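Data block below; observations after.
The values are calculated or read from the model by the stated rules, or taken from the named source; none is laboratory data. These numbers were taken from a predicted model, which means no experiment stands behind them. Cβ: placed from backbone, ideal geometry, glycine included. Neighbour counts: every protein chain shown. When the accessible area is computed, the model is the full protein with side chains, heavy atoms only, and any ligands, DNA or RNA have been set aside. Shrake-Rupley method; radii C 1.70, N 1.55, O 1.52, S 1.80 Å.
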Amino acid sequence: MATANKNLSVYDKATIPNAKDFRFGIVVSEWNSEITNGLYLGAIEALKDCGAIENNIIKWDVPGSFELVYGSKKMIATQNVDAVIAIGSVIQGETKHFDFVCSATAQGIKDLNVITDTPVIFCVLTDNNLQQAIDRSGGKHGNKGAEAAIAAIKMAAIG
């Protein structure tokens, strides 16, 4: 397991650009909201810790992870952001739905990174069960939202 020996929340602040001059968009899936809210809180905490100004962080909610692509696209087009963090959680069920949603969401976010000049950070947990999602949204493996926030800052600084 990739996160078994890594805490997703740990970063060296000295190596992160100051985020005070950047605008961030965060698009959050309402599906599995107990997980996505934890990821959102981790992202916000890390952004602020690295200097982001609260008024420069815009949050939009979308129904599910599949809708993250459209929400991110619209945020880029209308909100003058330097980076977008797409937050979702898809947990394996008994059908192939998991595979289709995960694949389409990953491909869509990749496409946005290719066709726009604004980085979109993939913060979508694709776990086998609820416990894995809990462990990665503020649990024993830290918070993937914090890791995504650090990636967003670094990518915004490239722009």
Antiparallel %, DSSP beta bridges [both residues in region 1-148], to 5: 10
Spelling out what I want: for every residue of region 57-66, take phi, set θ = phi - 60°, compute 6.51 cos²θ - 1.76 cosθ + 1.60 (Karplus), and round to whole Hz; glycine and proline get x. 10, 10, 10, 10, 9, 10, x, x, 5, 4
Tell me what the chain gives for mean residue ellipticity at 222 nm when only DSSP H runs of n ≥ 4 count, each as -39,500 (n - 2.57), the sum divided by the residue total, rounded to 500 deg cm²/dmol. -14000 deg cm²/dmol
Placing unit charges on C-beta atoms (Lys and Arg positive, Asp and Glu negative, everything else neutral), compute the dipole magnitude of region 30-87 about its Cα centre in debye, rounded to 20. 220
What nm distance separates the two modelled labels at Gln131 and Asn55, each placed 7 Å from Cα along Cα→Cβ? 4.7
Cross-link reach list, lysines versus Lys48, counting only Cα pairs under 29 Å and skipping chain neighbours closer than eight places: Lys6, Lys13, Lys20, Lys59, Lys73, Lys74, Lys110, Lys140, Lys144, Lys154
Accessible area per residue, Å², region 78-144 with all protein chains present, probe 1.4 Å: 50
Phi to ³J(HN,Hα) by Karplus 6.51 cos²θ - 1.76 cosθ + 1.60 over region 78-90, Hz, x for Gly, Pro: 10, 10, 6, 9, 8, 6, 10, 10, 9, 10, x, 8, 10
Relative contact order for the chain, counting Cα pairs under 8 Å that sit 6 or more residues apart, in percent: 34
Peptides 23-36, 91-104, 51-64, 111-124: what's the order by average Cβ count within 10 Å, highest mean first? 23-36, 111-124, 51-64, 91-104
Of all accessible heavy-atom area on the chain, the percent that carbon and sulfur account for (1.4 Å): 52
Take the alpha carbon gyration tensor of the chain, find the square roots of its eigenvalues, order them as a ≥ b ≥ c, and report rounded if a/c is under 1.5; if not, report prolate when a/b exceeds b/c, else oblate. oblate
Summed over the other residues with a beta carbon less than 14 angstrom from that of Gln131, with K and R at +1 and D and E at -1, the charge totals -1
Can you tally the net charge around Asp49? Count Lys and Arg as +1, Asp and Glu as -1, for every other residue whose Cβ sits under 15 Å from the Cβ of Asp49. 0
